[in-house]
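The values are calculated or read from the model by the stated rules, or taken from the named source; none is laboratory data. All of these numbers come straight from a predicted model, not from anything done at the bench. Every residue, glycine among them, receives a Cβ derived from its backbone with ideal geometry; neighbour counts consider all protein chains shown. Just the protein is used for accessible areas: all its heavy atoms, side chains included, with ligands, DNA and RNA removed. Shrake-Rupley method; radii C 1.70, N 1.55, O 1.52, S 1.80 Å.
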Amino acid sequence: MKRTLRNGGVSASQQLLLAFDLPQATITAHDALPGSERRVAVANQVIVYRLHRVRRRTIGFQINERGLTVRAPRAIAMREIEAAIVESQRWIFAKQLEWRAWCQRQRLSAIRFADGGTVQYLGTTMTLRLDAAIAHCDADAGEIRLPLAQQASEAEVRQALQTWLQAQARRVIGERLERFSERMQAHFAGWRLSSARTQWGSCSHDGRVRLNWRLVHFPLPIIDYVIAHELAHLRELNHSPRFWREVARLLPGFEAARDQIKRVEIGSISF
């Protein structure tokens with residue numbers, strides 16, 4: 001994901017060429033070592049980036065597994081570079097979310113159902129191990145252990161893992177719902193796990209909530225957002241401003257989790 005700044009505005013394409021036609025400026029002592037991490041405050045957030053001075057006429061941004069890299073002409077002062085970052089903050093934040101969502105999809109779709117395979121559990125990459133006495137999670141070792149022989153087939157591993165994950169989803173989501181019950185101003189008739197391939201949760205007119213068991217792959221803040229979203233529908237069966245105010249009341253600062261989960265397709269998950 002790349003972007004470059006050019007005088008006269010910003011293009012809407014995924015790869016933007018954006019540049020400043022700036023006079024030659026003296027590089028200041030504010031420069032850090034090439035490739036070292038730097039930070040710039042933007043509103044209530046901090047953007048972390050790596051700066052590389054290169055032979056070019058434009059300021060370019062790239063987001064990948066190393067984070068945000070800024071490539072700038074050797075003669076442009078730091079104040080101009082940081083001004084470019086501030087100007088492009090919305091693009092940067094949006095592309096960072098897209099990158100994280102893409103990485104999440106890759107992890108969710110690449111489960112190898114065998115000893116040594118990996119799976120996302122509550123936002124952490126866990127290694128599958130077979131031949132345990134009972135199915136359990138060894139958090140210290142970063143492992144999910146299943147009661148199967150080493151030579152178990154892929155189908156057997158898939159089924160055992162799914163059964164264990166669904167049990168954990170029932171436990172974790174139930175615990176999170178109990179926490180939210182203290183903040184609620186409406187009663188829900190009950191809840192159950194869902195295996196839907198099109199939505200993360202739902203709330204019916206009679207107050208019954210369904211939550212997708214595959215949420216157990218994600219960190220708790222994302223699980224909490226989906227729960228808050230569905231519970232807010234108990235008061236507002238729509239997505240009006242009043243609905244979003246209710247979500248914010250139940251879960252202040254929900255926006256980051258919402259933006260991350262909406263970029264993940266349920267169909268990308270291996271199960």
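Scanning region 214-249 for residues that are open to solvent by less than 30 Å² (accessible area, probe 1.4 Å), more than 30 Å from CYS137 (Cα to Cα) and in contact (Cβ under 8 Å) with a residue 24 or more places away in the chain yields one hit, HIS233.
Count of region 218-271 residues, restricted to those that are part of a loop (DSSP other than H, G, I, E, B) and polar (S, T, N, Q), is 3. Residues that are free of Cβ contacts under 8 Å to residues at least 24 places away in the same chain and more than 23 Å from GLY267 (Cβ to Cβ) number at least 3 in the following strands (runs of 3 or more DSSP E) confined to region 110-166: 143-146. Just give me the residues in region 177-196 being in contact with a strand residue (DSSP E or B) (Cβ under 9 Å, 6 or more places away or on another chain) and either surrounded by 12 or more Cβ atoms within 10 Å (Cβ to Cβ) or of a type in the set (Asp, Glu) (or both), in sequence order. Passing the criteria: LEU177, PHE188, TRP191, LEU193, SER194, SER195, ALA196.
Residues in region 146-171 that are of a type in the set (Val, Ile, Thr) and more than 16 Å from SER195 (Cα to Cα): VAL157 only.
Okay, residues lined up against (1) at pLDDT below 80; (2) within 22 Å of ARG90 (Cα to Cα); (3) open to solvent by 100 Å² or more (accessible area, probe 1.4 Å):
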| residue | (1), (2), (3) |
| --- | --- |
| ALA12 | yes, yes, yes |
| LEU16 | yes, yes, no |
| HIS30 | yes, no, yes |
| ARG38 | no, yes, no |
| VAL46 | no, yes, no |
| ARG50 | no, yes, no |
| GLN62 | no, yes, no |
| GLU65 | yes, yes, yes |
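LEU165 falls short of the stated requirement of being under 26 Å from ALA256 (Cα atoms) and surrounded by fewer than 19 Cβ atoms within 10 Å (Cβ to Cβ).
Take ALA83 and tell me if it is assigned to a loop (DSSP other than H, G, I, E, B), over 17 Å from GLU255 (Cα atoms) and either touching a residue at least 60 places away in the same chain (Cβ under 8 Å) or open to solvent by 10 Å² or more (accessible area, probe 1.4 Å) (or both). Spelling it out, it is not the case that ALA83 is assigned to a loop (DSSP other than H, G, I, E, B), over 17 Å from GLU255 (Cα atoms) and either touching a residue at least 60 places away in the same chain (Cβ under 8 Å) or open to solvent by 10 Å² or more (accessible area, probe 1.4 Å) (or both). Checked across region 190-206, the condition of being more than 22 Å from the chain's Cα centre (by Cα) and in contact (Cβ under 8 Å) with a residue 40 or more places away in the chain holds for no residue.
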